[in-house]
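The values are calculated or read from the model by the stated rules, or taken from the named source; none is laboratory data. What you are looking at is a predicted structure, and each value in this text was computed from that prediction instead of being measured. Cβ placement follows ideal geometry from the backbone for every residue including glycine, while neighbour counts extend to all protein chains displayed.
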Amino acid sequence: MMTPDQLMAAQKAHMETLLGLTHKAFEGVEKLVELNMQLARAALNDSAGTAKAALSVKDAQQLLALQAELLQPAAQKAAAYNRSLCDIAQTVNQEWVRATEVQLAAAQQNLHAMIDSASRGTPGGSEDALALVKSAVTAANHAFERVHKAARQAADIAGANLQSVADQAAAAGKPPGKPSAAGASKRSRRGT
């Protein structure tokens, strides 16, 4: 069984972890607020520029050209915002996952220590019941590890899919005929 000192140490460790996670969550919120403030400033500046450009339009053809010109950067900015948003979310999520893994490992270690401690005080003949408990705990740990691994893989796939969508949106926002930076660098290496 856990002694009062061990219990206090465990509570202290849990509190420190909780406070650390709270700080990480606030850091994520601060980054999100900063990102949104940057977006708001850029949108205000873009709106002023768009209004000035719209006032200088003399005919419908110039207006259509202006619209087409403004749509491309808007798609690129939306894709960049989505990438930044995903980065912030993934960073905070990784911190939470790391802390969860550490806490889970500590809880498993404490559970095994508690079972070992309890086994020392059990009467003779209860070895089979104790072995059954240990086996159940081990099986539960393995099942949790498989579920955790599957959840992590699903999160990685979701992150990759979000990145792919953001990249496709950025590519869709590029004007036709203008090569991407990656495409231009590939051509320059080939000498074409």
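Of the residues screened, Leu70 is one that is in a helix (DSSP H, G or I) and either over 30 Å from His148 (Cβ atoms) or of a type in the set (Asp, Glu) (or both).
Residues of segment 122-158 that are surrounded by 10 or more Cβ atoms within 10 Å (Cβ to Cβ), assigned to a loop (DSSP other than H, G, I, E, B) and among the small types (Gly, Ala, Ser): Ser126 alone.
Let's see how each residue does on (1) farther than 30 Å from Ala131 by Cα; (2) of a type in the set (Val, Ile, Thr); (3) in contact with a Pro (Cβ under 9 Å, 6 or more places away or on another chain):
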residue	(1), (2), (3)
Thr3	no, yes, no
Phe26	yes, no, no
Met37	yes, no, no
Ala43	yes, no, no
Val57	yes, yes, no
Gln67	yes, no, no
Gln72	yes, no, yes
Gln109	no, no, no
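May I ask you to verify whether Arg41 is under 28 Å from Arg152 (Cβ atoms) and either among the aromatic types (Phe, Trp, Tyr) or at pLDDT 85 or above (or both)? Considered against the rule, which asks whether it is under 28 Å from Arg152 (Cβ atoms) and either among the aromatic types (Phe, Trp, Tyr) or at pLDDT 85 or above (or both), Arg41 comes out as no. Here is a check on your reading of the model: is Gln62 assigned to a helix (DSSP H, G or I), among the polar types (S, T, N, Q), modelled with pLDDT of 85 or more and over 19 Å from Arg83 (Cα atoms)? So Gln62 passes the test.
If you go through segment 84-99 and keep only what is closer than 21 Å to Ala171 by Cβ and either modelled with pLDDT under 85 or surrounded by 16 or more Cβ atoms within 10 Å (Cβ to Cβ) (or both), you end up with Ser84, Leu85, Cys86. Once segment 1-22 is narrowed to residues that are exposed (fewer than 11 other Cβ atoms within 10 Å of the Cβ) and part of a helix (DSSP H, G or I), the residue that is nearest to the chain's Cα centre (by Cα) is Thr22. Of (1) free of Cβ contacts under 8 Å to residues at least 24 places away in the same chain; (2) under 14 Å from the mean Cα position of the chain (by Cα); (3) more than 23 Å from Arg146 (Cβ to Cβ), Cys86 satisfies all except one. Which? The one condition Cys86 does not meet is (1). Condition (residue is at pLDDT 85 or above and closer than 26 Å to Gln168 by Cβ) applied to segment 1-15: is it met by at least one residue? No, every residue in segment 1-15 fails to be at pLDDT 85 or above and closer than 26 Å to Gln168 by Cβ. Within segment 89-130, the set of residues being closer than 21 Å to Phe26 by Cβ and touching a residue at least 24 places away in the same chain (Cβ under 8 Å) comprises Ala89, Gln90, Thr91, Val92, Asn93, Glu95, Trp96, Val97, Ala99, Val102, Gln103. In the set (1) touching a Leu at 6+ places or on another chain (Cβ under 7 Å); (2) farther than 24 Å from Glu34 by Cα, the condition left unmet by Arg98 is number (1). When you look at Ser119, is it within 26 Å of Glu34 (Cβ to Cβ), in contact with a helix residue (DSSP H, G or I) (Cβ under 6 Å, 6 or more places away or on another chain), in a helix (DSSP H, G or I) and of a type outside the set (D, E, K, R), yes or no? Considered against the rule, which asks whether it is within 26 Å of Glu34 (Cβ to Cβ), in contact with a helix residue (DSSP H, G or I) (Cβ under 6 Å, 6 or more places away or on another chain), in a helix (DSSP H, G or I) and of a type outside the set (D, E, K, R), Ser119 comes out as no. Scanning segment 46-57 turns up at least one residue that is surrounded by 13 or more Cβ atoms within 10 Å (Cβ to Cβ) and not in a helix (DSSP H, G or I).
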